[in-house]
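Working notes, structure below.
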Amino acid sequence: MTDKKDDFIFGLRPVIEAIEAGKTIDKIFVQNALQGDIYAELKTILAKNKLRPNYVPVEKLNRFTRKNHQGVVAFISDVPFHKIEDVVPQLFEEGKTPFLLILDRLTDVRNFGAICRTAECVGIDAIIIPEKGGAPINSDAIKTSAGALYNIKICKEPNLAHVVDYLQQSGISVFAATEKAQKLIYDVSFTEPCAIVMGNEETGISKEVLHHSDEKIKLPIEGKTQSLNVSVACGAILYEATRQKLMKVN
């Protein structure tokens with residue numbers, strides 16, 4: 001069964017059929033200790049498609065729907081997902097200077113959509129998000145992005161720290177935006193291949209990703225309010241990077 005308003009499917013057989021039909025699964029939730037032959041079939045299909053379920057209490061599933069979900073709820077996305085290992089070589093082959101954005105566990109759908117809109121406007125080549133802990137890529141996200149999500153590659157990865165390592169090995173510098181940084185965004189160069197990391201609205205960038213990054217950067221804050229909305233901060237950083245790139249070209 002499906003619920004188009006909330007972009008999700010529930011029930012063992014409908015979820016299996018959706019995966020086999022090639023639907024893009026954003027997130028999948030499975031009841032703890034679920035048993036049975038059809039569930040065993042689902043587990044096999046999940047493994048084959050490299051989909052990692054979130055195992056949760058039945059109470060969480062009941063919050064998604066009061067109908068007979070059979071212990072499985074899957075959120076679907078109209079936006080296809082890519083692998084960063086496929087995207088980066090293609091960018092270099094096309095003669096581009098990779099310009100990437102990593103969003104570390106952003107949870108607010110509207111923040112996510114607004115950032116995607118700005119990212120597409122400045123020519124970001126791909127946005128990298130974690131498999132777990134991020135905002136769902138649903139109709140609200142697409143609407144807030146003004147459709148930009150259809151025009152930008154989204155890479156969903158199991159480990160962002162490993163992504164940072166891979167990018168560095170590929171010659172891409174990784175800049176982590178944090179209020180604890182010493183350098184302002186105007187003190188670094190974004191003109192070479194680079195990726196910018198923005199963190200969670202409450203806790204910022206995870207320690208592991210922060211540790212692996214090349215440089216920590218921040219925006220100047222002159223007022224009494226010591227932080228910016230992540231969407232606003234991301235826009236300011238992306239446009240400084242874009243300014244530098246345009247200055248280099250001219």
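Taking the criterion of being touching a helix residue (DSSP H, G or I) at 6+ places or on another chain (Cβ under 6 Å), open to solvent by 30 Å² or more (accessible area, probe 1.4 Å) and part of a loop (DSSP other than H, G, I, E, B), the only residue of region 64-114 that qualifies is Q70. Is it fair to say V58 is outside the structural domain of P158 (by the TED database), open to solvent by less than 10 Å² (accessible area, probe 1.4 Å) and within 13 Å of G71 (Cβ to Cβ)? No, not satisfied. Residues of region 115-143 that are assigned to a helix (DSSP H, G or I) and open to solvent by 40 Å² or more (accessible area, probe 1.4 Å): R117, E120, C121, S139, D140, K143.
If we scan region 95-107, do we find a residue that is closer than 25 Å to Q244 by Cβ and of a type in the set (F, W, Y)? The answer is yes; a qualifying residue exists.
Does V174 satisfy the criteria of being under 23 Å from G133 (Cβ atoms), open to solvent by less than 30 Å² (accessible area, probe 1.4 Å) and either at pLDDT below 95 or not in a strand (DSSP E or B) (or both)? Criteria not met by V174. Among residues belonging to region 186-217 that are modelled with pLDDT under 95 and in a strand (DSSP E or B), point out the one that is surrounded by the most Cβ atoms within 10 Å (Cβ to Cβ). Within region 186-217, the match that is surrounded by the most Cβ atoms within 10 Å (Cβ to Cβ) is G204.
The values are calculated or read from the model by the stated rules, or taken from the named source; none is laboratory data. Values in this document were obtained by computation on a predicted structure and should not be read as measured data. Note that each Cβ is placed from the backbone with ideal geometry, even for glycine, and that neighbours are counted across all protein chains shown. Accessible surface is based on the protein model in full, side chains and every heavy atom, while ligands, DNA and RNA are left aside. Shrake-Rupley method; radii C 1.70, N 1.55, O 1.52, S 1.80 Å.
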